[in-house]
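**Q** My questions all concern the structure below.
The values are calculated or read from the model by the stated rules, or taken from the named source; none is laboratory data. Treat the numbers as computed from the prediction; the structure is a model and nothing was measured. Cβ placement follows ideal geometry from the backbone for every residue including glycine, while neighbour counts extend to all protein chains displayed.
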């Protein structure tokens, strides 16, 4: 009987420490919650004290409940929305989450554990956990440089501001690594080299869902490229349009009336900005700038993934040559995988359409988010930390808000 009582008391004591029971104070804090939060803060488990070091010092010295509540809300804010000074983000794409002080305090008073309260704000991208683990490990290593720790921390913050809800299945383009990975159910299903935007025409950071595939695409030349490249080159070489398989139309519809180069006063549209009242279209071919296939995830940047005739560029270590779109090393491999697993079409039928050299569209019928990211530190599938060059100088320009 004494043993049973002893076991029950031990269990009860453990429950009390966990924060599930016990008398809350005026702010709603129970002993277990207070203890757990202080443990999280001691190691900065989720790297989110950031700009709240002064408040943390007060909490440690006073154990004041109101200050602790204030710090819990601030910690959740930093965890969900990152600790990069927003003034240094520039055009970097971020996805801000709403952090409700009322909701956090209600959960605290309801007796939820601190881990439960913070869970909605913890990035569900596995890379976050892996980078955090590497960061804490290296902090204990006296040989780890401040520069390396800073680089890791910047990348942890970049993961925090990625679109929430990545889930277990997605495509990730890591720009400074020049690599795309298709992750399915948490495991890598496909990977290949990519070419990304130049320093002047950077591939933007954003997230959208893959919606359709275009086989044997035309290339609708953007007005900016028409003004700065196509028109000047054609003025110098009248045979340029024909040799580059370019036709002229009033709009991006191949069936609209054809135009001749000299009928539109082309010199008036050299350089500058704004729309051009005629369009250049490159017809489908093996030499098309987009190659034979492109993958569309509609976005405000007009960026997509596509084939390219410039295969030799994939042999280079540095692969930032595009106008912002993502060029694929093995687009047919990507086409086979995506059409087989994310469309209603069998690959054999898709291959017939592909070989026809005519434009066809394939709708995606299964969710596949596509994320572009700028991670100059990445923990690979084997748990090895890899570091990459800061090709857009974001490691230099972005500042941590500490």
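**Q** Regarding the stretch 370-392, can at least one residue be identified that is surrounded by fewer than 18 Cβ atoms within 10 Å (Cβ to Cβ), at pLDDT 95 or above, under 17 Å from the mean Cα position of the chain (by Cα) and part of a loop (DSSP other than H, G, I, E, B)?
**A** There is at least one residue in the stretch 370-392 that is surrounded by fewer than 18 Cβ atoms within 10 Å (Cβ to Cβ), at pLDDT 95 or above, under 17 Å from the mean Cα position of the chain (by Cα) and part of a loop (DSSP other than H, G, I, E, B).
**Q** When only residues in the stretch 357-369 that are surrounded by 12 or more Cβ atoms within 10 Å (Cβ to Cβ) and at pLDDT below 95 count, which is nearest to residue 220 (Cα to Cα)?
**A** If we take residues in the stretch 357-369 being surrounded by 12 or more Cβ atoms within 10 Å (Cβ to Cβ) and at pLDDT below 95, then 359 is nearest to residue 220 (Cα to Cα).
**Q** Considering only residues that are surrounded by fewer than 17 Cβ atoms within 10 Å (Cβ to Cβ), under 41 Å from the mean Cα position of the chain (by Cα) and assigned to a loop (DSSP other than H, G, I, E, B), which ones fall in the stretch 260-283?
**A** 270, 271, 272, 273, 274, 275, 277, 283
**Q** Another one. Could you figure out which of (1) closer than 18 Å to residue 286 by Cα; (2) not assigned by TED's automatic domain parsing to the domain that holds residue 360 isn't true of residue 253?
**A** Among (1) closer than 18 Å to residue 286 by Cα; (2) not assigned by TED's automatic domain parsing to the domain that holds residue 360, the lone unmet condition for residue 253 is (1).
**Q** Sort through 156, 180 and tell me the only one that's assigned by TED's automatic domain parsing to the domain that holds residue 383, touching a strand residue (DSSP E or B) at 6+ places or on another chain (Cβ under 6 Å) and farther than 30 Å from residue 277 by Cα. Working first, answer last.
**A** On the way: 156 fails: touching a strand residue (DSSP E or B) at 6+ places or on another chain (Cβ under 6 Å).
Result: 180 is the single residue among 156, 180 that is assigned by TED's automatic domain parsing to the domain that holds residue 383, touching a strand residue (DSSP E or B) at 6+ places or on another chain (Cβ under 6 Å) and farther than 30 Å from residue 277 by Cα.
**Q** Now, a different point. Among the residues of the stretch 268-312, how many are without any contact (Cβ under 8 Å) to a residue 12 or more places away in the chain and either in contact with a strand residue (DSSP E or B) (Cβ under 8 Å, 6 or more places away or on another chain) or assigned by TED's automatic domain parsing to the domain that holds residue 230 (or both)?
**A** Of the residues in that region, 1 qualify.
**Q** Does residue 190 count as touching a strand residue (DSSP E or B) at 6+ places or on another chain (Cβ under 9 Å) and assigned to a helix (DSSP H, G or I)?
**A** No; evaluated as a whole, the condition is false for this residue.
**Q** Surrounded by 14 or more Cβ atoms within 10 Å (Cβ to Cβ), more than 13 Å from the chain's Cα centre (by Cα) and under 20 Å from residue 91 (Cα atoms): which single residue out of 200, 151, 163, 193 fits that description?
**A** 151
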